[in-house]
């Protein structure tokens, strides 16, 4: 066989295997409790599974319409009107996607050109920057302010230039569990007013928000909604992350560009699951009760590690809890996360990997989307660390 040239120039030279894959593999190798990757370990609704099976048996197994089946888009529109008082047209402003990550990549690819600047708030979910770079964009970073992980809007203003094409926000935020407020949205309105800046709002944890707080979706704010791609996830809401189902809301002009890319990236999302979700979404209690469901898990996990050497501020949203280990060791978070997995049998995610410069704040992220039995076992092991 001829030798193929080895001098391939990588489009993502700094990218390697994601930390989620590394830590999950390490957890499997050492038979550790996996609180690293963000997926539930409890059962999906049997009713939802039965609905998927029903539509498979009905023959709904071929391509769906590119933008998604109409009944699902219609019930999403009803939900947005009910929850956020905003109107999205099912035909032209709602697109069903193969998960939130695909929706985020598609939104970026549809508008970002070579040399465009995209403001990214760190620590940031790891799919954002590679998508920007693959499209020739330039990520511009602003750090959340610890310990509450609020956005420093003055810092955002300072990095806005004539080349700023997009600002990316995430609420509830992964990995910190912080949430944006009404004031945050008003600040974002001021910064973008009179500009051509597009907003990409990652709201996949919209229903997982605690302590009586309200999810401040950009959809609530007409001046923001008119310039925004808003990304949601069925997987996070219905405990089906492996199904990779999500959706993107955007005004007609942005949706048109989004669909141009979407049709050549995946064309359409899973057909029988779309029909099942269209039926299942009629049960509003399944997402309306999600905050209470996960707050109970957050509180249970925190109670179980009370008295440990870790320190924490309870997460305000998402299903992740940050734990500060600075009273235990001065090790780098990446090294301590690995040692915690190998020696104590609990896998987590080090927060430095969510910063482009690898900032180490002695914090680990733990997923509490697990059964109480799993959380209790993990807490017992964490309590032994001194």
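Entry remark, segment 84-101: residues being within 17 Å of residue 281 (Cα to Cα), out of contact with any strand residue (DSSP E or B) (no Cβ under 7 Å at 6 or more places or on another chain) and either part of a loop (DSSP other than H, G, I, E, B) or free of Cβ contacts under 8 Å to residues at least 24 places away in the same chain (or both) number 1 in total. Here segment 326-347 is the region considered, the condition is being within 26 Å of the chain's Cα centre (by Cα) and farther than 18 Å from residue 34 by Cβ, and the residue that is surrounded by the most Cβ atoms within 10 Å (Cβ to Cβ) is 332.
When you go through 124, 107 one by one, which is the residue that is in contact (Cβ under 8 Å) with a residue 12 or more places away in the chain, surrounded by 19 or more Cβ atoms within 10 Å (Cβ to Cβ) and closer than 25 Å to residue 270 by Cα?
Numbers: 124 fails: closer than 25 Å to residue 270 by Cα.
None of the other options fit; the residue is 107.
One residue alone among 258, 264, 229 is touching a helix residue (DSSP H, G or I) at 6+ places or on another chain (Cβ under 8 Å) and part of a helix (DSSP H, G or I), and that residue is 258. Hey, does segment 170-193 have a residue that's part of a strand (DSSP E or B) and crowded, with 21+ Cβ neighbours inside 10 Å? For segment 170-193, residues part of a strand (DSSP E or B) and crowded, with 21+ Cβ neighbours inside 10 Å: present. For residue 367, the criteria (1) in contact with a helix residue (DSSP H, G or I) (Cβ under 7 Å, 6 or more places away or on another chain); (2) within 24 Å of residue 121 (Cα to Cα); (3) in contact (Cβ under 8 Å) with a residue 40 or more places away in the chain hold in every case but one, which is (1). Of the residues making up segment 39-57, those that are in contact with a helix residue (DSSP H, G or I) (Cβ under 8 Å, 6 or more places away or on another chain), in a loop (DSSP other than H, G, I, E, B) and more than 22 Å from residue 266 (Cβ to Cβ) number 4. Screening residue 350 against (1) closer than 24 Å to residue 213 by Cβ; (2) crowded, with 17+ Cβ neighbours inside 10 Å leaves a single unmet condition, (1).
Consider segment 150-169 and keep the residues that are closer than 29 Å to residue 210 by Cα, free of Cβ contacts under 8 Å to residues at least 24 places away in the same chain and assigned to a helix (DSSP H, G or I). The one that is nearest to the chain's Cα centre (by Cα) is 155.
Computed from the coordinates by the stated procedures, all read-outs in this text should not be read as laboratory data. All figures in this text were calculated on a predicted structure; none of them were measured in a lab. All Cβ positions, even for glycine, are placed from backbone atoms using ideal geometry, and neighbour counts span all protein chains on display.
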